[in-house]
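The structure appears below as structure tokens.
The values are calculated or read from the model by the stated rules, or taken from the named source; none is laboratory data. What you see is a predicted model, and the numbers here were worked out from it, not measured in a lab. Positions of Cβ are backbone-derived with ideal geometry, glycine not excepted, and every protein chain shown enters the neighbour counts. Keep in mind that these areas ignore ligands, DNA and RNA; they rest on the heavy atoms of the full protein, side chains included. Shrake-Rupley method; radii C 1.70, N 1.55, O 1.52, S 1.80 Å.
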Amino acid sequence: MSTSHLRADGGRLCARLEALGEVGAVLGPNGERGCARLALTDADREGRDLVVGWMHDLGLAVGIDAIGNVVGVRAGTDPDAAPVMIGSHIDTVRTGGRFDGNLGVLGGLEVIETLEQHGVRTRHPVAVAFFTDEEGARFQPDMLGSLVYVGGMGLEDALDVRAADDGARLGEELQRIGYAGSLPCPAAGAPHAYFELHIEQGPVLEDEGVTIGAVTGVQGISWTELTITGQSAHAGTTPMRLRHDPGYVAAAITVGVRAIAQRMGGTQVATVGRCELEPNLVNVVPGAVTMTVDLRNTDESLLLQAEAEFQQLCAGLAGEEGVTIARRSLARFQPVEFDTAMVDLVEATARRLGHTTKRMPSGAGHDAQMLARVCPTAMVFVPSVNGLSHNIAEHTHPADITAGADVLLQVVLAAAVAV
Ligand code: HGY
Ligand code: MN
Ligand code: MN
């Protein structure tokens with residue numbers, strides 16, 4: 001059966017995105033409409049229940065594994081063939097948008113519904129997955145569910161992770177929301193191929209007027225939590241020369257890691273996203289500060305260089321101010337390159353459909369970087385308006401959403417082999 005003419009129904013996909021976006025909805029002062037569904041919260045459970053319901057409506061066989069990853073499978077004609085998997089995540093950061101992750105999962109459901117609508121059978125099964133805790137905002141590391149899925153992190157270690165906000169244990173939260181599944185981790189078998197449709201979350205495609213990004217890989221990620229311990233003291237009576245102020249050290253580290261990134265240039269980025277002073281009172285020199293540093297680079301040797309300079313910065317400040325600095329690695333992933341033939345397929349398919357394309361690395365982490373460990377993997381990017389993401393103003397135009405879904409549909413058909 002020829003299927004090269006098949007296209008997605010962009011309106012149906014946008015309607016699902018809107019409906020899922022209402023779960024944990026966050027409305028901004030200027031009409032921004034984001035959502036907050038931190039991993040394993042009640043809002044995440046509600047979003048999961050909605051998507052699982054859609055999976056059942058589409059006749060998928062739905063399975064949940066021991067880390068809460070959910071996979072819905074549409075049968076293929078060859079019972080021995082491994083599935084072509086479409087996946088991403090539906091958990092969000094606290095100031096999340098409605099597209100990050102959600103587009104990849106709901107784009108997968110759109111592919112399924114289009115195949116159903118046109119009576120298309122494929123040799124390989126087609127699976128749609130959402131992975132637990134991709135964001136890593138509440139439970140680190142990020143991409144935790146897909147990392148466990150591919151065997152990159154032990155299940156028990158993952159279940160024992162404590163939440164950064166309230167200290168809850170991941171395994172108990174999974175039980176509490178009813179998504180502690182019975183399927184084994186790591187997964188019993190690898191997919192035949194994995195595709196992820198995702199918003200770019202940066203400015204490149206929009207700046208260059210390009211519709212489809214053929215993603216070549218994902219940059220390396222280094223997350224560190226610092227606990228800086230000094231001496232709590234009176235803000236008025238303690239002379240500057242007698243202070244051991246972790247608040248000052250935290251500020252100097254924030255300025256210092258930014259300077260490292262600016263000096264290195266290229267793709268190097270550095271972010272202090274979390275910084276908590278204790279006791280956080282106007283008239284008390286803090287006794288301790290807990291903060292995080294996120295370093296990324298597309299080149300592993302440069303990321304190692306940035307980490308080394310960061311380490312030297314901390315050591316110097318600790319000696320200068322007379323504080324101690326304890327470090328805890330929250331995530332460390334090397335850069336990942338996707339299978340060239342798969343990237344070629346995305347690029348050629350997008351061009352065949354008449355879209356402009358660009359090969360580019362991903363600045364953000366994605367579940368695809370974990371699935372790339374076990375099967376041929378590719379990502380399809382669509383533009384982000386103003387390059388904005390992890391912000392409730394995150395937006396992607398419906399025409400670009402439809403273009404991305406069309407490319408996803410066609411590359412999945414190529415891999416799953418319509419019969
Ligand atoms: O941090 C990331 O890049 C992703 O959003 N988890
Ligand atoms: Mn994402
Ligand atoms: Mn994200």
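A few notes on this one:
- For region 1-49, the list of GluC sites (Glu not before Pro) that fall in a loop by DSSP and count at most 15 other C-beta atoms within 10 angstrom reads E22.
- Length, then width, then depth: along the principal axes, the Cα atoms of region 276-397 run 64, 34, 21 Å.
- With the biggest extent put first, the Cα atoms of the chain measure 81, 45, 42 Å across the principal axes.
- Here region 220-333 is treated with +1 on each Lys and Arg Cβ and -1 on each Asp and Glu Cβ, and its dipole about the Cα centre works out to around 80 debye.
- Cα-centred dipole magnitude for the chain, charges only on beta-carbon of K, R (+1) and D, E (-1), debye, nearest 20: 280 debye
- Integer Hz, Karplus 6.51/-1.76/1.60 couplings in order for region 379-384, x for Gly and Pro: 10, 10, 9, 10, x, 9
- Rounded accessible area per residue of the chain, 1.4 Å, Å²: 39 Å²
- Relative contact order %, the chain, counting alpha carbon pairs below 8 Å whose residues are six or more apart: 24 percent
- Prolate/oblate/rounded label for region 93-144 (Cα gyration tensor, a/c 1.5): oblate
- Under the span-like rule (Cα at least 24 Å along the axis, Kyte-Doolittle mean at least 1.0), DSSP H helices of the chain: 398-416
- Normalised by the number of residues in region 220-333, the mean separation of alpha-carbon contacts (under 8 Å, six or more apart) gives a relative contact order of 45 percent.
- Distance cut-off 21 Å, percentage of C-alpha pairs in region 220-333 lying past it: 36 percent
- Amide hydrogen proximity for G322: with H placed 1.01 Å from N in the peptide plane, no residue at 5 or more positions away or on another chain lies under 5 Å.
- Viscosity 0.890 mPa s, 25 °C: Kirkwood-radius Stokes-Einstein D of region 146-239 over Cα pairs, µm²/s: 132 µm²/s
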